[in-house]
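We did not get these values from a lab; they are worked out from the coordinates using the rules stated. Quick caveat: nothing in here was measured; it's all calculated off a predicted structure. Ideal geometry is used to build each Cβ from the backbone, glycine not excepted, and the neighbour counts take in all protein chains shown.
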Amino acid sequence: MLLAGVALANPIVIGVIVPDADEATDELTAAVARAAEHGAAMAEEEHVFNAELFGFDFAVVLERATGADAVVAAAERMVAEEDALAIAGGVSFAEASALAAWSAERGIPYFNTGSPDDRLRHGLCEATSFHIEPSAAMYVDALAGWYVRSGFRNWFFVIGDDQASADQYERTLWSLRERHFGAREAGRVGFDGDVDAVVSAVQRANTDLVLLYVRPDDQVRLLEALDEADVQVLVAGFPYPAAQTRTFFAASRAAAPRLGVDQRATAWEATLDAYGAREINARYLAMFDEPMESTAWATYMAVKVVFEAATLGGDASPEGVMAYIAGPQGVFDIWKGIGVSFRSWDHQLRQSLYLIDISAEREDPFSMVSLVGELPAIYMPGTDPVERLDQLGDLRDRTRCAF
């Protein structure tokens, strides 16, 4: 990367907040924590090297914190004590919304690397927040595009007892009604922990697709119960970051040998072999001896975006970084094909999403997953790539965000 205009004060510091793996209550949370920490470590090593070539200092400061109050305190420390010019992190809605509010108050750019919740892109949006993690609306549109084109016509929904799950369900109905025609709702059931009630409802439904809009650990529980009940339809779940880990894929397969090896949506895939992805995936595998997963990719990309905005823009202040990202020059290579930008109306990063298939037999973490699809097809002749990418997620006319 050529940094012809670099003339920066030293040092440039980016703060990254990752979950505290020691406080993780389950293997899925621990997997996300490990991926975030590894993504930050790799980003620091590679960008420190780049900075040294051009004669300025660069650092990634890492703090482990879990919970809204803890992540805000960590962000404040990194700004006050380390002079961090930007903060990245947040793996839950509570953490991300707290960091977004803090960033607006402090005037420090915040990069959401872990919460897909659409409320952060609508009523709770902030001009100082930028979303590397795909939005729930983007994931929903990708699922709708894949499954409608694959011929699934009758959709049954299992909806958790939280606002995010309800929003995912409503957004899916909108997508089926306004963007992807040919499918209908075959029924729905709320999930409050009663697995048997869900199994009975699915068995009574005339459906060929079941969507689990519940937490990743509950997805595994329900997959196991549906598998044991000999349910004969495709069962998929909402792709929270924890549900995009090899740990989740292994748990899904172990709990439900038949239903737990179906397709899943992801923001990144370690077997992606195009657009420069092969190289970053290989470097990550060599460094950590494990596949690069979505949270690692998102954390790395947050550092990369800030580094490039500061250096190419020639201004390492928080205001300068945000101005570069939001301006017409704010186009970034995220190893998904073309250069991409953040949408002006909600600061969501445009990007493709992937469909993977979990192998029923392969034990190696790298090869246990096969990449089977990408949406949208950004290189379709005669189309604008930005318009193609905007097929995923909410356009300006649907946003409730007001910067």
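Between the amide H of R188 and those of F157, distances stay under 5 Å, these residues lying 5 or more places away or on another chain, with hydrogens modeled in the peptide plane.
Here's the picture: charge each Lys and Arg Cβ at +1 and each Asp and Glu Cβ at -1 in region 329-403, and of V372, F342, L353 the one pushed furthest to the positive end of that dipole is F342. Is region 360-401 rounded, prolate or oblate when judged by the Cα gyration tensor, a ≥ b ≥ c being the square roots of its eigenvalues, rounded requiring a/c under 1.5 and prolate requiring a/b larger than b/c? It is oblate, given that a/c is not under 1.5 and a/b is not larger than b/c. Projecting the Cα atoms of H131, G145, G187 onto the charge dipole of region 115-202 (Cβ charges, centred on the Cα centre) puts G145 farthest toward the positive pole. Separation of region 13-60 from region 179-243 is 35 Å, based on Cα centroids.
Only alpha carbons enter this Debye calculation for the chain, each as an equal point scatterer, and the log10 of I(q)/I(0) it gives at q = 0.10, 0.11, 0.12, 0.15 Å⁻¹ is -0.63, -0.77, -0.92, -1.44.
A helix-only calculation puts the chain at -13000 deg cm²/dmol for mean residue ellipticity at 222 nm, using -39500 (n - 2.57) for each DSSP H run of at least four residues, averaged over all residues. In a reduced charge model with +1 at each Lys and Arg Cβ and -1 at each Asp and Glu Cβ, region 205-248 shows a dipole moment near 260 debye about its Cα centre. Backbone amide hydrogens, once placed in the peptide plane, bring I12 within less than 5 Å of D57, F58, A59, excluding anything fewer than 5 places away on its chain. Taking label positions 7 Å along the Cα-Cβ direction at both V372 and L53, the computed distance is 4.0 nm, reported to one decimal. Backbone phi angles across region 264-273, fed through the Karplus curve with coefficients 6.51, -1.76 and 1.60 (θ = phi - 60°), yield HN-Hα couplings of 9, 9, 9, 8, 8, 9, 5, 9, 4, 10 Hz in residue order; Gly and Pro are listed as x. Taking the Cα centre of region 230-300 as reference, the dipole from Cβ charges on Lys and Arg (+1) and Asp and Glu (-1) amounts to some 80 debye.
Taking all Cα pairs closer than 8 Å and separated by 6 or more residues, the relative contact order of region 244-308 comes to 29 percent. Between the amide H of S129 and those of Y110, distances stay under 5 Å, these residues lying 5 or more places away or on another chain, with hydrogens modeled in the peptide plane.
Under the membrane-span-like helix rule (DSSP H runs whose alpha carbons stretch at least 15 Å along the helix axis, mean Kyte-Doolittle hydropathy -1.0 or higher), the chain yields 27-53, 68-82, 93-106, 136-149, 216-228, 277-288, 294-313. Please give the FRET efficiency for R179 paired with S344, using the beta carbon to beta carbon distance and R0 = 25 Å, rounded to the nearest 0.05. Using R0 = 25 Å, I get an efficiency of 0.75.
When you work out D = kT/(6 pi eta Rh) for region 245-350 at 20 °C and 1.002 mPa s, using the Kirkwood radius from C-alpha pairs as Rh and the Stokes-Einstein form, the result is 136 µm²/s. The charge dipole of region 24-72, taken about its Cα centre with unit charges on the Cβ of Lys, Arg, Asp and Glu (plus for the first two, minus for the last two), comes to roughly 80 debye.
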